[in-house]
1. Can you give me the ranges of the strands (runs of 3 or more DSSP E) entirely in region 30-137 with at least 1 residues that are touching a helix residue (DSSP H, G or I) at 6+ places or on another chain (Cβ under 7 Å) and over 25 Å from H372 (Cα atoms)?
2. Can you say whether P380 is out of contact with any strand residue (DSSP E or B) (no Cβ under 8 Å at 6 or more places or on another chain), touching a residue at least 24 places away in the same chain (Cβ under 8 Å), assigned to a loop (DSSP other than H, G, I, E, B) and not aliphatic (A, V, I, L, M), as far as the supplied structure shows?
3. Which of the residues that make up region 323-334 are crowded, with 24+ Cβ neighbours inside 10 Å and more than 16 Å from the chain's Cα centre (by Cα)?
4. Among (1) among the β-branched types (V, I, T); (2) modelled with pLDDT of 95 or more; (3) assigned to a loop (DSSP other than H, G, I, E, B), where does T140 come up short?
5. How about region 184-208: which of its residues are over 21 Å from the mean Cα position of the chain (by Cα) and either surrounded by fewer than 21 Cβ atoms within 10 Å (Cβ to Cβ) or of a type in the set (D, E) (or both)?
6. Can you pull out the residues in region 217-229 that are more than 12 Å from S249 (Cβ to Cβ) and exposed (fewer than 13 other Cβ atoms within 10 Å of the Cβ)?
7. Regarding V199, is this residue assigned to a strand (DSSP E or B), under 24 Å from D383 (Cα atoms), at pLDDT 95 or above and not assigned by TED's automatic domain parsing to the domain that holds A47?
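The values are calculated or read from the model by the stated rules, or taken from the named source; none is laboratory data. Nothing here was measured: the structure is a model prediction, and the numbers come from that model. Every residue, glycine as well, gets a Cβ built from its backbone with ideal geometry; the counts of neighbours run over all protein chains shown.
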Amino acid sequence: MLTTRTRSLAAAVAVSALALSACGGSDSSGSDGDGPFRVLVTGGLSAQGALAANAQTSVLAAQAGAQVQNEVGGIGGRQIELTVVDDGGDATKAVTELRNAISSGNAPDLFLNSGPSSVGAAVLPILNQNDILSFNIAPTQDSTDPSKFPLNFDLAPGAGDNADGIVEHMREQGYSTVGVIHGSTAYGEEFGREMERAVDDAGLRLARNEEYDVASLDMTPQLQSLKNAGAEALAVDAYGAPLGYLLQSLQRLDWDVPLIGNTSVAGTALVAHAPPNGVLGTPEVANLVVQVFASTVYDPEDEAVNTMVETMASLGTITSPLILADNYDAFPLVAAAAEAAGTTTDAEKLAQALETPEVLEAAKTAFLPRYHFSADSHGPAPDADALRFIAPTALVDGQFGNPAAS
């Protein structure tokens, strides 16, 4: 067996793989492959803190998506067999596990990851070399470029999409001079660059763009510079523990400034839990709104999202905001592509199908209501109504705004 798992999840994952390959319909129309449609998903299940919680949610989303798709016939009539590998959130481990799968003769038909961006950057060249279709939830600077990675599609909106949404929100709120503070990660640096571009495009004034070391315990110097520059609101990039240190630094500075957190902030469960495990309801987040997707906000009328949430919850505990449930949509997307392309094994034809509006319209996705992949870009390019800006609340099954939380 090619998988390496944490002991606590070994039995559950093994049962999941068997159940997924056995359930659902048996229609074989359109199938050109033998046996199950093999999907490999990696995640940092044995990592620490937010990374582990988010990986568990990401894996649950993949398991739920596979189960729901199997119930309606799988991929081109082939039942989905999902294998989960614990990469510890480490790019080297993710590469090793992927190479092991390929060399053992069990190369997946589809590869999914659970982030972070270092994992995405490391595995994409290997996937490309071996003609393996992939969906990525950890955008890198070139992961959406079809000229470099023609078989990869990003499910998670990238830094540019997030920056555009934040700047539009800032403009609507009447802020004319804005600041940016971001981490020293690859994504954080890209977010900082995209914020500068988006602010300029919107005709707003950029007070300053400050970067902090994600290993730092104090961001006061960067915040002081932003305050001195006259920032009326801050766009914030922070993930995991650095978010807590940033909020503490802001309190020490005693600066009452509106904060607009990107999806990294929204994906940090710290903002959704009351003390001692979080900061919900404290002065530290009194001025914070976070950027989320519509599916991350409870809506009793949204049947597609509710099916996703209910299926995930039936398979395990949703430990973080649904901002990390992107992998659910991989399965309806590939199913729609396989039906249009008449193949489940030709990754190039599947990728070409995913670039067509008709296939994307037919895909019954939930995490995002519609993807806009094209021959020029394999980024999701979500519609404006797919984004929300909300004050954090307690989570119920990974969603904000559920009355059951009160």
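1. Working: elements: 37-43, 80-86, 110-112, 133-136.
Qualifying strands (runs of 3 or more DSSP E): 37-43, 80-86.
2. no
3. If we filter region 323-334 for residues that are crowded, with 24+ Cβ neighbours inside 10 Å, which is where we start, we get 323-331, 333-334.
If the condition is that a residue be crowded, with 24+ Cβ neighbours inside 10 Å and more than 16 Å from the chain's Cα centre (by Cα), then V334 is the only one that fits.
4. (2)
5. From region 184-208, those over 21 Å from the mean Cα position of the chain (by Cα) are 196-208; that's our starting set.
Listed by number, the residues that qualify are E196, R197, D200, D201, A202, G203, L204, R205, L206, R208.
6. Within region 217-229, just N228 meets the criteria.
7. No; evaluated as a whole, the condition is false for this residue.
Here's the yes/no breakdown for (1) β-branched (V, I, T); (2) buried (at least 23 other Cβ atoms within 10 Å of the Cβ):
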| position | (1), (2) |
| --- | --- |
| L60 | no, yes |
| Q63 | no, yes |
| A66 | no, yes |
| D87 | no, yes |
| A94 | no, yes |
| L112 | no, yes |
| A121 | no, no |
| P125 | no, no |
| T140 | yes, yes |
